[in-house]
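The values are calculated or read from the model by the stated rules, or taken from the named source; none is laboratory data. All values derive from a computational prediction rather than experimental measurement. When we count neighbours, we look across all protein chains shown, and the Cβ atoms used for this are built from the backbone with ideal geometry, even at glycine. Heavy atoms of the whole protein, side chains included, go into the accessibility calculation; ligands, DNA and RNA do not. Shrake-Rupley method; radii C 1.70, N 1.55, O 1.52, S 1.80 Å.
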Amino acid sequence: METNGVDTDRVEAEARRVLESVPGYVWDGESLPVPVDSIVENVFGLLIRLVEDLSTAPGCEGIPPENLSGLLLTSSGEIWVNAEEARRWEGRRRFTIGHELGHHVMHRATRTRVFCRPVEVVSDEAPEQLAGARSVGGEQPLPELEANAFAAALMMPRHLMVGQCGRHGGDVDTLRAAFGSSEKAMKYRLDAMKSWPKP
Ligand SMILES: [Zn+2]
């Protein structure tokens, strides 16, 4: 199954492998929301920092800070998260951390020093940002799309989505609260769910 060039089966499998490797003292495999922070810190040993100005990161000089949601610094094993976004949107903060973990799991072998997560220009949660945001230039590079798919699969695991939807139907607000996601991310996930094989 391919979406926008992303091999979703492979990315889903990567996220599933990560979740299955989480020891029981970090997560029991069922409780929601999935503890993305603990997984990143306790399983992968990455440090999460809330940073006001992400453009201070090496390799990001010159990028307007309001255009960055997060970064993975591969050499120091740090994930930097846009502090302003994190204060305002918990779901987006979690998604950004999941996105950067996706780079760590899938892409760090490419030896890129830093991966950035650009602010998404079209958002249902931050319409006021539309005016000031620079377009990230149409199509995002494949690693960015893969990291987004990984974050979704990590935060909203398939088997738990199926279980919760069985219980609550497809109510977006209930589901986003349970999974700790943004409304937009949950809508994408519900849409993707239509193509999943029936259990
Ligand atoms: Zn990225």
Please verify whether the stretch 111-130 includes one or more residues that are more than 16 Å from the ligand (Cβ to nearest atom) and modelled with pLDDT of 85 or more. no
Residue pairs qualifying under the 7 Å Cβ cut-off, at least six apart or on distinct chains, with the first in the stretch 158-170 being basic (Lys, Arg) and the second being exposed (fewer than 14 other Cβ atoms within 10 Å of the Cβ), are Arg158/Trp196
Return yes or no: is Glu144 within 16 Å of the ligand (Cβ to nearest atom), modelled with pLDDT of 85 or more and acidic (Asp, Glu)? yes
Going by what's in this entry, would Leu72 be described as crowded, with 16+ Cβ neighbours inside 10 Å, in a strand (DSSP E or B) and within 16 Å of the ligand (Cβ to nearest atom)? yes
Inset, instruction - Answer yes if at least one residue in the stretch 47-69 is in a loop (DSSP other than H, G, I, E, B) and closer than 23 Å to Glu183 by Cα, and no otherwise. - result: no
Exercise for review: Considering every residue within the stretch 11-29, establish whether at least one is surrounded by 20 or more Cβ atoms within 10 Å (Cβ to Cβ), touching a Lys or Arg at 6+ places or on another chain (Cβ under 9 Å) and outside any helix (DSSP H, G or I).
Suggested key: no
For the stretch 95-113, pairs from a residue that is closer than 12 Å to Phe44 by Cα to a residue that is open to solvent by 10 Å² or more (accessible area, probe 1.4 Å) and not in a helix (DSSP H, G or I), with Cβ under 6 Å and 6 or more apart or across chains, are none
(Q) Can you confirm whether Val40 is β-branched (Val, Ile, Thr) and touching a Phe, Trp or Tyr at 6+ places or on another chain (Cβ under 9 Å)? (A) no
Output for Cβ contacts, cut-off 6 Å, separation at least six or different chains, first residue among the polar types (S, T, N, Q) in the stretch 45-74, second at pLDDT 80 or above and outside any loop (DSSP other than H, G, I, E, B), reads Ser69/Asn82; Ser69/Glu85; Ser69/Thr96; Thr74/Arg108
